[in-house]
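The values are calculated or read from the model by the stated rules, or taken from the named source; none is laboratory data. All of these numbers come straight from a predicted model, not from anything done at the bench. Methodologically, a virtual Cβ is constructed for each residue, glycine included, from the backbone with ideal geometry; neighbour enumeration extends over all protein chains shown. Side chains included, ligands, DNA and RNA excluded: accessible areas come from the protein's heavy atoms. Shrake-Rupley method; radii C 1.70, N 1.55, O 1.52, S 1.80 Å.
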Amino acid sequence: MKSAIIVVALASLAIQNAFAQSSPSSPLVAARKSAVPAAQCPVDDAQRFPLTVEKKRLTPDMRCAISAAELSGMLGRPDVAVVDTRLPQEFDEFHGDGAMNLPASAVATKAFLKKQQVILLGSGKSDQDLYSACAELKAAGFSRVRVLQGGMLSWSVRQLPGIGRVPSPAALAFLSPAELSRAVNFDANVVLMADGSNEFRSRLPRGIALASVTPEAIKVALERQGKKAGKGATKAAVVLVVVPSNGAKQIGALQA
């Protein structure tokens, strides 16, 4: 397993909220209520990101992964095209300098991108579809396609050039219940559980318990996981599950 994964996707939401119904007074329900229903999406967003019929995807190609450190030396080259696949409102708030906003499914319709080094960029929280999209684009003749490990969180932590109000790494790191569910079920992610979250082990069979939430403990866990995965295996992200009461403090310490 490559060790150049510098982005940790942090989930401080309680696991039971990600897989079960929350009480009517819970913050998660309030968040759902404040979200714009799909049927009421602004016209501009609907046009830029039209709904598509779900289709069977190719197996995610982890050879597409590229670290922010590697990407930083490529930015500004005329043959490099960064495609930000996040929602338009997220793109408008902050995006990489020179990036274009397109859903991954639209890249194949842009013939001029076929000769470019295309970098697909998502939120970094549940990018399984991007690795599948990369495999599909390669099959369609787009031979130079990569996926940024950690997505926009990685971009922000690495302080790559951007336009707009830079979101804090801590804010970018938190996962919604849906994102958490997808992230822990993506085989290319490593799922770590902080001390106190062991009660959720039955819901996270792939979760690795940590004795403490420190860079050293995480490094040891990743090294052990790497030996199991085999030489050359690439991981998309590290998902750290922490209990809500300690989440902010633990996240701050890791990002310091």
task: Using only protein heavy atoms and a 1.4 Å probe, report how much of ILE163 is accessible, in Å² to the nearest 10.
output: 80 Å²
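Rounded, prolate or oblate, given the Cα gyration tensor of segment 123-202, with a/c below 1.5 counting as rounded?
Details: a/c = 2.79, a/b = 1.27, b/c = 2.20.
Because a/c hits 1.5 or more and a/b fails to exceed b/c, segment 123-202 counts as oblate.
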- line: In nm, the gap between the two label points placed 7 Å beyond Cα toward Cβ at SER143 and ALA111 is 1.9 nm
query: Nearest 0.05, what FRET efficiency do ILE208 and ALA170 give at R0 = 25 Å with Cβ-Cβ as r?
result: 0.65
statement: For ASP127, the residues 5 or more places away or on another chain with a placed amide H closer than 5 Å to its own amide H are none
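For SER181 and ASP92 in one chain, what is 0.36 nm times their gap in residues minus the Cα-Cα distance, to one decimal in nm?
Answer, rounded to one decimal: 29.4 nm.
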task: State the extension gain, in nm to one decimal, for the chain segment bounded by VAL220 and MET74, taking 0.36 nm per residue of separation less the distance between their alpha-carbons.
output: 49.5 nm
For q = 0.15, 0.28 Å⁻¹, Debye-computed log10 I/I(0) when each Cα of segment 91-162 counts as one equal scatterer: -0.48, -1.39
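Keeping every protein chain present and rolling a 1.4 Å probe, give me the accessible area per residue for segment 103-217 in Å². Let's see the in-between values first.
Working: 5010 Å² over 115 residues.
The answer is 44 Å² per residue.
Round to a whole number: what % of the accessible area of segment 126-200 belongs to carbon and sulfur, probe 1.4 Å? Mind showing how you got there, number by number?
Working: 1440 of 2940 Å².
Heavy-atom surface of segment 126-200 belonging to carbon and sulfur, 1.4 Å probe: 49 percent.
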task: Would you mind calculating the relative contact order of segment 76-193 from Cα pairs under 8 angstrom and at least 6 residues apart, reporting the percent as a whole number?
output: 27 percent
